[in-house]
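Participant: Before anything else, here's the structure in question.
Any read-out appearing in this document is the output of simple, stated calculations on the displayed coordinates, not a laboratory observation. For clarity, every value in this text was computed on a predicted model and none was experimentally measured. Note that each Cβ is placed from the backbone with ideal geometry, even for glycine, and that neighbours are counted across all protein chains shown.
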Amino acid sequence: MKECIIRADGLTKKYGSFTALDKVDIQVKRGDIYGLVGDNGAGKTTFLKLVTGQIFPDGGELALFGEHLPAQMEKNRKRTGAIIEAPGFYPQLTIGQNMEYYRRQKGIPGKATVDEILELTGLADKKGKSAGHLSMGMKQRLGLAIAMIGEPELLILDEPINGLDPSGIIEIRNLFLRLNEEKNITIILSSHILPELEQLATVYGFLNKGCLVEQISAESLKERCNSFVEIQVDDAERYAVLLDKLPGEVKYQVLPDNNIRIYQGEEDSIVYSRLASENNIGIYKLEQHQLTLEQYYMNTKKRGQL
Amino acid sequence: MMNYMKSEWYRITHSREIYVITAILCGVTFLLNAVLALVARADKNFPYATVNFSLNMLIGSMPMLFVAGGVIVWRLFADENEIGTLKNAIAYGIPRHHIFMAKCVVSIAVSLLSLVMVAALYAGSACLLLEGPAEEPLKQLFSGIGASLLCAFSAVILAVGLLQYCSKQSSAFGWWVIIIIGVPAALAFAGMKYEIAARISAWLPWNFLRLETVANMSGSRGMWTTPEGLMKCLIAGIAGIVIFTFAGITMCKKQEV
């Protein structure tokens, strides 16, 4: 069984009368890439701030690497790297000087470490550039580079791909995957860019108004994102009646222009084409679809779970 | 804590701020002496171009060291909350009170180095450019700086604590001014009527360093030149350091960023 790196039990955080996080239970296991999903104000950053010790909980328990006592957690935070809200660095120093500052702060021996990380994050040729004059994407890369000093076992990243250009997003995504696969670094990250999160996360946590609505592995989510068949026939009404007569409950939705969306259970799509042809219903189109994370999220929202 | 101190030292020595502040202070003090000397050249009867007059300006207002220390801390740490570097240190598991203590040590060390340079240039340029005996005013000046150092350190510690605790720079600045200048001034005023206020007021460095020191054209006599006065400086300084350090640690431990 994999070690639990972060364990939150009934974690609660209030700001005055506003409950930012309400009895949240989250488990992040070693090797996970945990994606936190939720709208603005859902509690993602609050949770990450609690994990990084920037704010204190009002209830519940939080354990980091199995330790929940504040002093032990502080020690264990030395095994982490983080970007929360915006990357923190000194604008009056160069990229190289900022890295050197944090290398000293973290007590990491050997100056070569800095060059290695700058190479990894694509900043090697900008080492002498003033950090105050960086583009948004470059700032994000510098934040990542700082978080990665000292080979952390856990990376805590709040919107890490914000401001990155498309090629930057791909590079950073591949970097995360490589760090996760090769060095078994656990990553917890929040992002509004769900298609991007979908390509990274192995576990998802859906937050809404401070509550954890669902925690689900990427595999289970894939299963749950039942693929569906969208079929366009010449008589959707009659086809719907036929669907109702099929054994078992077939979930479907009649769409405009004689389109019907059939949420597949175990059935193969051939069953639906045969059903039409055997009953002399013409088929104009038959497409097989898979729900994306974005669609799943939106559907869950529509159902009122989020 | 040592690593944090090392990193801060690295940052400060690789940034322009401390060099700029020190250069400005050196420039102002040198300019002051240079102006006095120039005026004396133009007007042979100008009575103020003396080492005594120049150095008395600081001897009579030693609390300026508090302000200089506060300005240095301000320039070094004021934007930490805004640029997110404090968050990084906390997220990395450095205890808040270690951050506070490390900043205090580094600020005091940097301020002290800056003070040595400014004081050397101030006294040196006065001796070189101005007239009159230098030995006694120099003695008064350096013994005064020595006696006021602990009080100045406590002002620096307070500035560090407030800047770390307050999310807004302006609040930190306001509180510092109130505690270091406002409260002593108010108590001195209230002391005219109430005995208890007068007693407390007499132990506040902003008051006693200015009001109990005589510095004029005929010479100066710092309150630190007497054993009682020196003891008062040291006791008030130590008390300030202890109180502000304790308050800083307590406040920073509860601070959310």
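Participant: Hey, how much of the P(r) for the protein assembly as shown falls beyond 42 Å, as a percent of Cα pairs?
Facilitator: 42 percent
Participant: Give me the percent of DSSP beta bridges within the protein assembly as shown that run antiparallel, rounded to the nearest 5.
Facilitator: 70 percent
Participant: Can you give the average number of partner chain beta-carbon atoms within 10 Å of each beta-carbon in peptide A:42-50, as a whole number?
Facilitator: 1
Participant: Local charge sum around A:LYS209 (other residues, Cβ-Cβ under 11 Å, Lys/Arg +1, Asp/Glu -1)? Walk me through the intermediate numbers first.
Facilitator: Values: positive: none; negative: A:ASP22, A:ASP39.
Result for the local shell: -2.
Participant: Next up: Does the range A:226-290 come out rounded, prolate or oblate by the C-alpha gyration tensor, with a ≥ b ≥ c the root eigenvalues, rounded set by a/c under 1.5 and, if not, prolate when a/b is larger than b/c and oblate if not?
Facilitator: Rounded shape, in that the Cα axes give a/c under 1.5.
Participant: Using the beta-carbon distance between A:ASP115 and A:CYS4 and R0 = 56 Å, what value does 1/(1 + (r/R0)^6) give for FRET efficiency, to the nearest 0.05?
Facilitator: So the FRET efficiency works out to roughly 0.95.
Participant: A further question on this structure: Between A:PHE18 and A:ASP235, 0.36 nm times their residue separation minus their Cα-Cα distance comes to what?
Facilitator: 72.9 nm
Participant: At a 10 Å Cβ-Cβ cut-off, how would you order A:TYR239, A:TYR90, fewest neighbours first?
Facilitator: By the 10 Å Cβ count, ascending: A:TYR90, A:TYR239.
Participant: Between B:SER167 and B:ARG75, how many nm apart are label points set 7 Å from Cα along the C-beta direction?
Facilitator: In this crude label model, B:SER167 to B:ARG75 measures out at 2.9 nm.
Participant: Could I ask something else about it? Based on DSSP H runs of at least 4 residues, each adding -39500 (n - 2.57), what is the mean residue ellipticity at 222 nm of chain A after dividing by all its residues, to the nearest 500 deg cm²/dmol? Could you put the intermediate results ahead of the total?
Facilitator: Numbers: 11 runs with 109 residues, N = 306.
Computed mean residue ellipticity for chain A: -10500 deg cm²/dmol.
Participant: Using alpha carbons only, how many degrees (0 to 90, rounded to 10) separate the axis of helix B:135-165 from the longest principal axis of chain B?
Facilitator: It is inclined by approximately 20 degrees.
Participant: Sticking with this structure for a sec: Given axes a ≥ b ≥ c from the Cα gyration tensor, I'd like to know whether chain B is rounded (a/c under 1.5), prolate (a/b larger than b/c) or oblate.
Facilitator: Oblate.
Participant: Starting from 0.36 nm per residue, how many nanometres of slack lie between B:VAL35 and B:VAL177 once their C-alpha separation is accounted for? Intermediate values should be presented prior to the final figure.
Facilitator: Values: separation 142, 0.36 × 142 = 51.12 nm, distance 3.06 nm.
Gain on stretching B:VAL35 to B:VAL177: 48.1 nm.
Participant: Can you give the calculated 222 nm mean residue ellipticity of chain B, where each DSSP H run of n ≥ 4 adds -39,500 (n - 2.57) and the sum is split over every residue, rounded to the nearest 500 deg cm²/dmol?
Facilitator: That calculation yields -25000 deg cm²/dmol at 222 nm.
Participant: Now for a different question. Provide a whole-number value for the mean count of partner chain Cβ atoms within 10 Å of the Cβ atoms in peptide A:146-154.
Facilitator: 1
Participant: Also, quick follow-up: At what distance in nm do the modelled label points of A:ASP39 and A:MET136 sit from each other, each positioned 7 Å from its Cα along Cα→Cβ?
Facilitator: Computed distance between label sites A:ASP39 and A:MET136 equals 2.2 nm.
Participant: If you don't mind, there's one more thing I want to ask. Along the Cα→Cβ direction, 7 angstrom out, place labels at B:ALA197 and B:ALA42. What is the inter-label distance in nm?
Facilitator: 4.5 nm
Participant: Which length gain, in nm to one decimal place, applies between A:LEU69 and A:SER217 when the Cα-Cα distance is subtracted from 0.36 nm times their residue separation?
Facilitator: On the way: separation 148, 0.36 × 148 = 53.28 nm, distance 2.84 nm.
Residue separation times 0.36 nm, minus the Cα-Cα distance, leaves 50.4 nm.
Participant: Taking a 22 Å limit on the Cα-Cα distance, which of the listed pairs A:LYS14/A:LYS44; A:LYS139/B:LYS6; A:LYS2/A:LYS139; A:LYS49/A:LYS78 fall beyond it?
Facilitator: Correct reply: A:LYS139/B:LYS6; A:LYS2/A:LYS139.
Participant: What FRET efficiency, computed as 1/(1 + (r/R0)^6) with R0 = 25 Å and r the Cβ-Cβ distance, is obtained for A:ARG224 and A:LYS29, rounded to the nearest 0.05?
Facilitator: It comes to 0.80.
Participant: Something else now. First measure r as the distance between the Cβ atoms of A:PHE56 and A:ILE283, then evaluate 1/(1 + (r/R0)^6) with R0 = 45 Å and state the FRET efficiency to the nearest 0.05.
Facilitator: Plugging the Cβ-Cβ distance into 1/(1 + (r/R0)^6) gives 0.15.
Participant: While we're on this one: Where nothing but the Cβ of Lys and Arg (+1) and of Asp and Glu (-1) is charged, how large is the charge dipole of the protein assembly as shown around its Cα centre, in debye to the nearest 20?
Facilitator: With Lys and Arg at +1 and Asp and Glu at -1, about 2200 debye.
Participant: Which residues does a label at B:GLU131 reach in the range B:32-63, if reach means a backbone N under 17 Å from a point 7 Å past the Cα toward the Cβ?
Facilitator: B:33-55, by backbone N distance to the label point.
Participant: Still on this model: By DSSP, what percent of the beta bridges with both residues in chain A are antiparallel, rounded to the nearest 5?
Facilitator: Working: 37 of 54 bridges.
Taking every DSSP beta bridge within chain A, about 70 percent pair in antiparallel fashion.
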